[in-house]
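Structure first, commentary second.
Read the figures in this text as sums done on the coordinates, not as results from a lab. Computed from a predicted structure; not experimentally measured. Positions of Cβ are backbone-derived with ideal geometry, glycine not excepted, and every protein chain shown enters the neighbour counts.
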Amino acid sequence: MTSLQTPPTNSWWKKQDVKRLLVLTVIFSVVIGYVGSTVQTWAMGTPASETMQNVINLISLFTWVSAPVAGFVAAIAVSALLGKHHYGDNPPPEADHAISNSPRGNAAWIVISALLCLFALVAGLIALQEEDSQILNSNAMRISVTGQQWVWNFDYPNSKGVRSNVLHLPVDQPVVFNVTSKDVKHSFWIVQMGIKVDANPGVITQTAVTPNTIG
C-alpha cells in the first residue's frame, strides 16, 4: 500500500529564477541610478546658486528613488529575453501547472511603490517651500522682468525708469523677480541658477534666487 504524501514545496524566494531576478534587479538599479544621476548632473552644468544645487540634488534623489522600479522592470525583460526558450508545437513539461498568485508579493509591490512615490512627493514639496520662503524675504532686491518678442527687459529698483536688456545680479544677495509679458506667453529661465517661471500677459508671477557665483 502506497501512502500519499504532499510533495514539499519550496518558498518562492528560494527558487533559482527568483534569485537570478533579484540579483539582476540590484545590478540594474545601481547602474541606472549611478548613470542617470551622473549624466543629469553633468548636463546641468555648474550651479550658480544654492537653488540650482538643490535642484541637482533633488533630481539625483528622484533618479535613485525610481531606479529600483526601473531596475526590476529591466531585470524581468532581460530574464525573459535571455531565459530558456522552447521550440515546437507542444508546451514544455514545466508549463503544465496552475498559475499561482502571491497576495503578499502583490501587496509588497504596491506598498513599496507607494512609499517611493510618497517620499518623492514630500521631497519635492520641501524644495518648493524653500523657494516660497525666498520670495517673502523683505531684504531681497526686487527686479521687474518683462518678456516680449524677442528680448527680455529688466527694471531695477531705484533705476529712475532706466531699463536694460542685460541682467546684472549682486552676489550673495536674495533677488526676487516679478515676471510678466508684453505680448505672448514666454518662459523666463536662468538655467545655472535653477529658476524657471512663465511670463504671462497681464499677470505677474514671482520667483527668487540668491546668486553665489560670479560669472
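Taking a ≥ b ≥ c as the square roots of the eigenvalues of the alpha carbon gyration tensor, the stretch 97-156 is oblate, as a/c is not under 1.5 and a/b does not beat b/c. Placing unit charges on the Cβ atoms only, positive for Lys and Arg and negative for Asp and Glu, gives the chain a dipole magnitude near 120 debye about its Cα centre.
The slack between Ala114 and Val30, meaning 0.36 nm per residue of separation minus the straight C-alpha distance, is 28.2 nm.
Relative contact order of the stretch 141-209, taken over Cα pairs closer than 8 Å and 6 or more residues apart, is 30 percent.
Applying both filters, DSSP loop and at most 12 other Cβ atoms within 10 Å, to the trypsin sites (Lys or Arg not before Pro) of the stretch 111-172 gives Lys160.
Between 0 and 90 degrees, the angle of helix 16-44 with respect to the longest Cα principal axis of the chain falls at about 10 degrees. Taking other residues whose beta carbon is less than 13 angstrom from the beta carbon of Met141, and scoring Lys, Arg as +1 and Asp, Glu as -1, yields -1.
In the chain, a dipole from Cβ-located charges (positive for Lys and Arg, negative for Asp and Glu) runs towards its positive end, and of Ser159, Asn212, Val35 it is Val35 whose Cα lies farthest in that direction. The angle separating the long axis of helix 50-82 from the principal Cα axis of greatest extent in the chain is about 20 degrees. To test your reading of the geometry: what angle, between 0 and 90 degrees and rounded to tens, separates the Cα axis of helix 103-135 from the longest principal axis of the chain? Helix 103-135 sits at roughly 10 degrees to that axis. Bridge orientation summary for the stretch 141-209: considering DSSP beta bridges with both residues in this region, about 70 percent are antiparallel.
When Rg/Rh (Cα atoms, Kirkwood Rh) is calculated for this entry, the matching label among [x] 1.03; [y] 0.95; [z] 1.24 is [z]. Classify the stretch 141-209: rounded, prolate or oblate, from the alpha-carbon gyration tensor (a ≥ b ≥ c, eigenvalue square roots; a/c under 1.5 rounded; otherwise prolate if a/b is larger than b/c)? It is oblate, given that a/c is not under 1.5 and a/b is not larger than b/c.
When peptides 167-174, 83-90 are sorted by average Cβ neighbour count within 10 Å, with the highest value leading, the order is 167-174, 83-90.
In a simple Cβ point-charge model (Lys, Arg +1; Asp, Glu -1; nothing else charged), the stretch 141-209 has a dipole of about 120 debye relative to its Cα centre.
Compared with the direct C-alpha span, the chain from Ile76 to Val203 gains 40.8 nm at full extension, assuming 0.36 nm per residue. Placing dummy labels 7 Å off each Cα toward the beta-carbon, the span from Ile126 to Asn165 is 4.3 nm. Of the beta bridges in the chain, as assigned by DSSP with both residues counted there, near 70 percent are antiparallel.
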